[in-house]
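Derivation of every value follows stated rules applied to the coordinates shown; laboratory data play no part. Here the structure is a predicted model, which means the values were calculated and not measured. Cβ placement follows ideal geometry from the backbone for every residue including glycine, while neighbour counts extend to all protein chains displayed.
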Amino acid sequence: MIENKNHKQALLTLVTVFFFWGFIAASNGVFIPFCKSYFNIDQFQSQLVDFAFYGAYYFGALLLFIISNFRGSDIINKWGYKNTIIYGLLLSALGAAIMYPAVNGAQQGDSDVFYYVLGAFFIVALGFSLQQTAANPFAISLGDPEKGSSRLNLAGGVNSFGTAIGPIIVALILFGTTPKSGEELKLMISNGEISLSTIQYLYLAVGGLFLAAAALFFFSKKLPEAKDNSEFLKAPKAMNFLLIVTVLLTTCFYFMFAEYKGENPEPNDSFILQLTILTLIIVAGGLLLSNILAKKDKESWGAMQYPQLVLGMIAIFVYVGVEVTIQSNLGELLKFVNEIKDGVKYNSLGLVAMSDREITPLISLYWGSLMIGRWAGAIVVFNPSAKLKTWLYILVPYFAFGLVLLLNSSSGFDVSSLFWYAILVAIQIAGFFLGKDKPTSTLKIFGVLGVIAMLIGLFSSGYIALFAFISGGLFCSIMWPCIFALSIKGLGKYTSQGSSFLIMMILGGAIIPPLQGKLADIIGIHQSYWVTVFCFLYLIIFAEKTKRIFSKA
């Protein structure tokens, strides 16, 4: 790295951008059920919001990798981290601006307009992929390299704050301050009291913020360009493999979308489910096959010659998928009317069916759970004494939990039913102590806790089941750094390339939620959460596999 000066202004801007990523991504949890009601689409279609958003990360990272391979040099290094972030912000601003004409004049039930919304989301996230590719190394370059991880943890903590506050703000914009029943919401939509014009103005404002951040970077002459001067290593066979995977995935989703064509579509649910499962096989099976082939021609396959990386790519795919799908389908789980008793509508968990706005504090709590875990996970970075670290592991999670409750309470939401969630925070704290700051142990422990939580959610009802599902956020919270560290361990000169491959696997957030959505259309929203059980199971397997790989080294 070069230009390792302390640029606080740049770091402040980076922290703001990290907030945007979390704010927009978490807001999808509120936006998805709203789209389902407004456009009269099924659960699979509603999950295409995540497909467009997280799929853009894959295509953005892949495009950068392909361009760099053909050039023989890293395109990000040509632009510089600063300019790359500017280009990403401008691209996201363009996507936000496109949202206005995309939904202009749309009426309730106009499902064709929904696909224009997806296009705008894709462009916003494509800009995010550029920003994220440059933001992490840029943060490290802004000062002492040994304290780079501290700056990244600070940015990650602010990102998690964005995920906690995003659903609240978007819900207030969409639904106002008074909780609405499901029927009241539909009536307000049909009467034009709630329309997509609020979304138009919201994204115009967000686009303006993107432009302001880009201007701050551009006009700040003291900011370094910041580049990584390490050699770029080509991997032609890895590139060809990723292109083949992209073509196969695109073909699968083309046939899925084709099922929804026509004025009165009657999609073949079984066929769509089979295609979605096929996409999982293409990704996971293809990666495992690539690692086998790489043993015969290591240089052409680059970082894919390492089993820990390939297994880690699948782990990142699964981790992002389960993190996103739990909350993306949570709205439908709580809204869906499973039965009516004495005129009262109940959902699949046996709770009174909720409106979109009543779901908001629960979505916020889920994303807040990620913040709780990440703040606790960052404690070790500051090297506190053993006694102080023990107290911080106990106090920081509850401080973050209290902040989530305060944010929701001050926004007019009733949080009295959420206090019992403190018990699950205590279980997470115990997991930190058992993990002893070791990635393999921590990942395995939190994977086991995730499986147990999802099974409790599947086989129970009421608030026990609800909190069990939401606690998936607690157990997902620190998995990213664990998976990342284990995946790139021992890669040597291929570390940078391996990191790029891992970023591509954010694709899991684009495929697993639609898979659960279509499963929900077939077997019911509650039982569809079996998908999350298998995701956490794989993460346990990954932890055990990497432990064995490194023990043999």
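Kindly state, to the nearest 0.05, the FRET efficiency for ALA258 paired with SER73, given R0 = 51 Å and r defined as their beta-carbon distance.
Efficiency, rounded to the nearest 0.05: 0.80.
If you take the beta carbon distance between LEU293 and LEU455 as r and set R0 to 30 Å, what does 1/(1 + (r/R0)^6) give as a FRET efficiency, to the nearest 0.05?
E between LEU293 and LEU455, to the nearest 0.05, is 0.20.
Using the Cα gyration tensor of the range 449-515, with a ≥ b ≥ c the square roots of its eigenvalues, what is the shape: rounded (a/c below 1.5), prolate (a/b larger than b/c) or oblate (neither)?
prolate
What is the gain in length, in nm to one decimal, between LYS552 and ILE173 on full extension, counting 0.36 nm per residue of separation less the C-alpha to C-alpha distance?
Stretched fully, the LYS552-ILE173 segment lengthens by 130.9 nm.
For the residue pair ASP437 and PHE399, what label-to-label distance in nm results when each label sits 7 Å from Cα along the Cα-to-beta-carbon direction?
1.8 nm
For LEU63 and ILE340 in one chain, what is 0.36 nm times their gap in residues minus the Cα-Cα distance, to one decimal in nm? Walk me through the numbers on the way to the answer.
Working: separation 277, 0.36 × 277 = 99.72 nm, distance 5.07 nm.
Gain in length upon complete extension: 94.6 nm.
Tell me whether the chain comes out rounded, prolate or oblate; compute the Cα gyration tensor, take square roots of the eigenvalues as a ≥ b ≥ c, and use a/c under 1.5 as the rounded threshold.
Note, shape of the chain comes out rounded.
Separation between the PHE219 and TYR115 pseudo-spin-labels, each 7 Å from Cα along Cα→Cβ, expressed in nm?
In this crude label model, PHE219 to TYR115 measures out at 4.2 nm.
Based on alpha-carbon atoms only, what is the radius of gyration of the range 24-84 relative to the globular estimate 2.2 N^0.38 Å?
The range 24-84 yields a ratio of 1.62.
State which stretch of the chain is the longest one without any exposed trypsin sites (Lys or Arg not before Pro), exposure meaning a DSSP loop state and at most 12 other Cβ atoms within 10 Å.
Free of exposed loop sites, the longest segment is 1-220.
Rounded, prolate or oblate for the range 363-483? Axes are the square roots of the Cα gyration tensor eigenvalues, ordered a ≥ b ≥ c, and the cut-off for rounded is a/c under 1.5. Display every interim value, and only then the final one.
Working: a/c = 2.15, a/b = 1.26, b/c = 1.71.
It comes out oblate by the Cα gyration axes.
In degrees, nearest 10, range 0 to 90: what is the angle between the Cα axis of helix 236-258 and the longest Cα principal axis of the chain?
For helix 236-258, the angle is close to 10 degrees.
Averaging sequence separations of C-alpha pairs under 8 Å and six or more residues apart, then dividing by the length of the chain, give the relative contact order as a whole percent.
Once normalised by length, the contact order is 23 percent.
Taking Cα atoms, how many degrees apart are the long axis of helix 269-294 and the longest axis of the chain, rounded to 10 and kept between 0 and 90?
Helix 269-294 sits roughly 10 degrees off the main axis of the chain.
Roughly speaking, what is the stretch gain from ILE523 to ILE427, that is 0.36 nm per residue apart minus the C-alpha to C-alpha distance, in nm to one decimal?
31.4 nm is the gain from fully extending ILE523 to ILE427.
Tell me, what ³J(HN,Hα) does each residue in the range 525-535 have, in order and in whole Hz, if you take phi through Karplus 6.51 cos²θ - 1.76 cosθ + 1.60 with θ = phi - 60° and put x for Gly and Pro?
Per-residue couplings from phi come out as 5, 5, 5, 5, 6, 4, 4, 5, 4, 5, 5 Hz.
How far is helix 508-523 tilted, in degrees, relative to the longest principal axis of the Cα atoms in the chain, given as a value from 0 to 90 rounded to the nearest 10?
The angle comes out at about 30 degrees.
What pairs from LYS389/LYS547; LYS335/LYS547; LYS389/LYS552; LYS36/LYS489; LYS296/LYS547 go past 31 Å between their alpha carbons? Write down the numbers at each step before the final one.
On the way: LYS389/LYS547 26 Å; LYS335/LYS547 42 Å; LYS389/LYS552 33 Å; LYS36/LYS489 43 Å; LYS296/LYS547 24 Å.
The pairs that break the limit, which is 31 Å between Cα atoms, are LYS335/LYS547; LYS389/LYS552; LYS36/LYS489.
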